[in-house]
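Asker: Below: one structure in structure tokens.
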Amino acid sequence: MIIELKSTVSANDCATFAEKHKAFHITYEGKNYLITGSGVKEIPTELETNTSEHWVFANDIQLASKRFRSEKREVKIGNVSIGGNTKNTILIGGPCSVESEEQIRSSAELLVGMGLSTLRGGCYKPRTSPYSFQGLGLEGLQLLAKMRTEYGLNVITEARDATHIDEIIEHTDIIQVGAKAMYDQGILRACAKIKKPVLIKRGFGTTLQEFVQAAEFVLAGGNENVILCERGIRTFETGTRFTLDLCGVAWLQEHTNLPIVLDPSHAMGYAYGVNPLARACVAMGIDGLLIEAHPNPKVAKSDASQQLNYEEFKQLQKDLQAVAASVGYKMI
Ligand code: PEP
Ligand code: MN
């Protein structure tokens, strides 16, 4: 249940009520809310006179639910915005992993030349094998941060676990919670305490309900800047790396108030499918795309088969503009 407290209730009393009722307390647009589990169906008696509005839910998708906030939340990424009424589809690009200064600088220059704002690059890679390239760690993060300063780009990188979350928060503009890390309570709770945008990727064996509940951890903890990212789920199909769940995207658009970014690169696993899939995604009226691009995909240290080369990436931007316009969106 979400309870909106009357404006006459003091901040101290809000905190006392929250503690007593084991509820989260958040302040949103100047109003105070208490959030309990969805099992609570009636306003506790002592809160009745202090409540101005309340919402009862069938399950724990509460703050992210359209029933609570029907309008899509706006999230600011540096000097650009997505969601809300912006009708912006942000194109985030860059390599799977930061591999060297030369490589990440070439990506930064590519983005600046294309008028794009946000550079991706993994530093702490959650690889499936311990023998694969694990990322440059802090060195990579520092390179990414250098590009941020030198080129004025926003940067996004993923947290593999909670041990380096503070470094990531310090050096990035969006914190990426990867598909394998979206259940990591240390990461989610750390992301709840900040105000920077958090992009949560759907685990490949995660239901939509579980996915949105991960977002609830961040929202209920006080950070309203959450973005959902669909990146493919595991099905019986082996011809492609994963299966991009566009039905799930329609479900999220119908039921949640969070901006949605899609990652066709990881879903497809092969560069040839990224452009057509990205066009299908943009046709759904989405808030962003996360696309892997590398100066020379053949020699990439991770996800070589799915990364676009720079010509393909530039062509993608061109192709998407018309698709976005046809659904009233603008590629940014
Ligand atoms: C990535 O973005 O490089 C990545 C590892 O993504 P995911 O968590 O979706 O596998
Ligand atoms: Mn990757």
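No lab work stands behind these numbers, since they all come straight from the coordinates. Model, not experiment: these values are computed from the prediction. Here Cβ is always computed from backbone atoms with ideal geometry, including for glycine, and neighbour counts include all displayed protein chains.
Asker: Sequence neighbours fewer than 8 away in the same chain don't count; with that in mind, list the aspartates and glutamates whose C-alpha is under 15 Å from residue 41.
Answerer: Those aspartates and glutamates meeting the cut-off are 4, 53, 60.
Asker: Can you compute the equivalent ellipsoid semi-axes for the stretch 167-276, i.e. the square root of 5 times each eigenvalue of the Cα gyration tensor, sorted largest first and rounded to whole Å?
Answerer: 25, 15, 12
Asker: At a Cα cut-off below 20 Å, give the lysines reachable from residue 196, other chains included and same-chain residues fewer than 8 away excluded.
Answerer: 72, 76, 146
Asker: Turning to a different aspect of this structure: How big is the gap, in Å, between the Cα center of the stretch 110-125 and the Cα center of the stretch 199-264?
Answerer: 22
Asker: Right, next: Could you give me the radius of gyration and the Dmax of the stretch 2-55, taking only the C-alpha atoms into account and expressing both in angstrom?
Answerer: 9.8, 27
Asker: How do 253-263, 46-56 rank on mean C-beta neighbours within 10 Å, highest first?
Answerer: 253-263, 46-56
Asker: Also, I was wondering about something else. Could you sort 92-102, 321-331, 143-153 so that the peptide with the highest average Cβ count within 10 Å comes first and the rest follow in order?
Answerer: With the highest mean Cβ count within 10 Å placed first, the list reads 92-102, 143-153, 321-331.
Asker: Give the cross-link partners of residue 298 among the lysines, using a straight C-alpha distance below 19 Å as the criterion and excluding same-chain residues fewer than 8 apart.
Answerer: Candidates past the 8-residue exclusion: 125, 314.
Asker: Semi-axes, largest first, in whole Å: what does sqrt of 5 times each Cα gyration tensor eigenvalue give for the stretch 74-331?
Answerer: Semi-axis lengths for the stretch 74-331 are 22, 22, 19 Å.
Asker: Let me test this: with uniform point scatterers at the alpha carbons of the stretch 253-332, what is the Debye-based log₁₀ I(q)/I(0) at q = 0.26 1/Å?
Answerer: -1.22
Asker: Taking the mean number of other Cβ atoms within 10 Å as a proxy for protection, how do you rank 272-283, 78-89, 235-246 from highest to lowest?
Answerer: Sorting 272-283, 78-89, 235-246 by mean packing, highest first, produces 272-283, 78-89, 235-246.
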